[in-house]
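S.K.: Before we start, here is the structure in question, set down as structure tokens.
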Amino acid sequence: MIPFEDEPDYRIGIGTDIHRLVENRKLMLCGIYIPFPLGLLGHSDGDVGLHAVIDALLGAAGMGDIGTLFPDTDDKWKNADSKELLLAVKEKLDEKRWQIVNVDLIIHAEMPKLGPSKGQMKRVIAGLLGIDFTAVNVKAKTNEGMGEVGEGQAIAATATALLRKKKRRGL
Ligand code: MG
């Protein structure tokens, strides 16, 4: 089907991530520090929330994945602040004229309780992406005690993102 020339092009993407909870690491989730005795192991800061959002955005734009863009074999990304990675992805989307319509994110964690932090997480993600607070949704779920997440060995995340590209007249 040939779209009408003024019709925007919409693309949806999905991203997931999981990191192991270990001692002697700061727990960073969606760009904020959450006081907790354990943190997420990773080459970067291990922020599963931002990593899932990054993969959802890259997926929607057809730009590959986080591991290709920021390889864990590259010392440049060692202990990297994932907020910087998300900003780099936002820049790539801007270059290709992709606008972010909305982002939806689920953090799967048995502990700690994330309810009180969800508003701040939304604000951080919306701020980094330059979109309205209401265009970002953050949910937190336990895994009912089952599996790695349920047993508190890991925290996981699932995200979706919708992008829109306004067609240029005559293209
Ligand atoms: Mg990751």
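S.K.: As a quick test, which of the pairs LYS92/LYS166; LYS26/LYS122; LYS96/LYS167; LYS92/LYS113 have an alpha carbon distance above 23 angstrom in this structure?
M.R.: Too far apart for the 23 Å limit: LYS92/LYS113.
S.K.: For the stretch 116-171 and the stretch 2-52, what is the centre-to-centre distance using only Cα atoms, to the nearest Å?
M.R.: Cα centres, the stretch 116-171 to the stretch 2-52: 8 Å.
S.K.: Would you mind ranking GLU23, GLU110 by Cβ crowding within 10 Å, fewest neighbours first?
M.R.: Least to most surrounded, the residues fall as GLU23, GLU110.
S.K.: Taking a ≥ b ≥ c as the square roots of the eigenvalues of the Cα gyration tensor of the stretch 53-119, is the shape rounded (a/c under 1.5), prolate (a/b larger than b/c) or oblate?
M.R.: Judged from the Cα gyration tensor, the stretch 53-119 comes out oblate (a/c at least 1.5, b/c at or above a/b).
S.K.: Okay, moving on. Determine Rg/Rh for the stretch 101-171; Rg is computed over alpha-carbon atoms and Rh is the Kirkwood hydrodynamic estimate from the same atoms.
M.R.: 1.16
S.K.: Okay, next question. Could you name the aspartates and glutamates whose alpha carbon sits less than 15 Å from that of LYS141, not counting residues in the same chain fewer than 8 places away?
M.R.: Answer for LYS141, where 15 Å is the Cα cut-off: ASP17, ASP104, GLU110, GLU151, listed by chain and number.
S.K.: In whole Å, what are the extents of the chain along the principal axes defined by its C-alpha atoms, from largest to smallest?
M.R.: Result, largest extent first: 57, 34, 27 Å.
S.K.: Within the stretch 27-42, find all residues whose amide N lies under 18 Å from a label point positioned 7 Å from the Cα of GLN120 along Cα-to-beta-carbon.
M.R.: Within reach of a label on GLN120, which here means backbone N under 18 Å from a point 7 Å along Cα→Cβ, the stretch 27-42 contributes 27-40.
Bear in mind these aren't lab numbers, they're just calculated from the coordinates by the rules spelled out. All figures in this text were calculated on a predicted structure; none of them were measured in a lab. We place every Cβ from the backbone using ideal geometry, glycine too, and count neighbours over all the protein chains shown.
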